Every structure is written in structure tokens, then in C-alpha cells.
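One structure is given here, and the rest of the page talks about it.
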Amino acid sequence: MVFGEACEREFMSSCPISNERVNERVARIVGALVFVFALLTIFRPQPLWLILLLADFTARSFYRPWSPFARLARPLAERLGEPQVVDAAPKIFAARIGLGMTAAALLAYATHHIELLRVVMAVMALCALLEALWSYCVGCKMYTFYRRIVRWK
């Protein structure tokens, strides 16, 4: 059996997707930071929180070494033990979803649709909490589903 066929059967749940890897511990700490900022935005809507989230999601989507949240998380993750290395592609996809959600929330804030902002940020907070507590990446699951659909075409 060829490596690609094994990945197809497993639906890419644990198969390498890209050559780039990230530390899962860092991702979980970043998830906790995103959760905190999402809660801040829900309860005290300020453009500053959204701009910080937007900057971080942009960095993690396109310029990973510049991510402010990841830079904060790396030293703590190193203290927690050996890196738990996972594929970067699903995490990048999840960061791009977060970027879109943050942009939507910023637009909602700018147009005074605070309830819409709160709904978007509540979804983000839930996803970030799942990542932080149980290492369950909703965006990563969406990426796997997306990859299956693209392969079927």
C-alpha cells in the first residue's frame, strides 16, 4: 500500500500534509490567548482587542515568525516539556479562518452591529477554548474536510 492511499483511508487525520510543522503546545497557549481576547471583546468591545487579534491572525496566516501571541507562548511551551509537533497546514488554515472572523467582527464594530460582533467573537472564543483545553482544532477539522472535498473533484 502506498503512503497516499493510507492517508486517504485515514482521511488525513494523522498523516503529514505539509513539510512544515508547529509545536502543539504553542498552539494551545495561543488558543488560550485568543480565548481571553475574544472574551474581552465580547464583554468590553474595543477596537484595540480586535486589532491585536487581527495582527496575530495575519502573522500566523502569512508571516508565522512575527506572531505576537506565538512569541509569548514559545517560552512557556518550552517549560512545559518536549515539543508536540503537528502539521502546520491545518493550523495555518485555522488561522486564516480566525483572520476572516476577526475582520468580520471589526467590520461589525465599525458599523455599530455590536450584537453581531459578540456572536462572531463567541464562536471564536468557543473554538479557541476547545484548542486550549483539549487540543481540538475546529479549523483543522474543517481543513481535513476541505481537503477531502478537493480530492473528490
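The values are calculated or read from the model by the stated rules, or taken from the named source; none is laboratory data. In this text, all values refer to a predicted model and were calculated from it rather than measured experimentally. Ideal geometry is used to build each Cβ from the backbone, glycine not excepted, and the neighbour counts take in all protein chains shown. Surface areas here come from the heavy atoms of the whole protein model, side chains and all, with no ligands, DNA or RNA. Shrake-Rupley method; radii C 1.70, N 1.55, O 1.52, S 1.80 Å.
Measuring gaps between exposed loop sites in the chain (chymotrypsin sites (Phe, Trp or Tyr not before Pro); DSSP loop; at most 12 other Cβ atoms within 10 Å), the longest gap, sites not included, is 64-153. For a modelled paramagnetic label at Ile51, 7 Å from Cα along Cα-to-Cβ, the residues of segment 112-141 in reach, with backbone nitrogen under 18 Å, are 112. In terms of its C-alpha gyration tensor, segment 40-89 comes out prolate, because a/c is 1.5 or above and the ratio a/b outweighs b/c.
Could you look at the chain and say what percent of its accessible area is carbon and sulfur, using a 1.4 Å probe and all protein chains?
On the way: 6140 of 9260 Å².
Within the chain, the accessible surface is 66 percent carbon and sulfur.
For Arg21, the residues whose modelled amide H falls within less than 5 Å of its own, excluding neighbours fewer than 5 places apart on the same chain, are Ala88. The distance between label points at Leu76 and Ala122 comes to 2.6 nm (points 7 Å beyond Cα on the Cα→Cβ vector). Here the convex hull built on the C-alpha positions of segment 15-112 has a volume of 92 cubic angstrom per residue. Taking Leu53, Leu117, Leu76 in turn, the Gaussian network model of the chain (Cα-Cα springs below 10 Å) assigns the largest fluctuation to Leu76. Within the listed set Pro45, Pro65, Pro90, the Gaussian network model of the chain (springs between alpha-carbon atoms below 10 Å) gives the highest mean-square fluctuation for Pro65. A 1.4 Å probe run over the chain, with the rest of the protein chains in place, finds 61 Å² accessible per residue.
Here the simple spin-label model places points 7 Å from the Cα toward Cβ, and for His112 and Arg44 these points are separated by 2.4 nm. Divide the volume of the convex hull around the Cα atoms of segment 24-69 by the residue count and you get 57 Å³ per residue.
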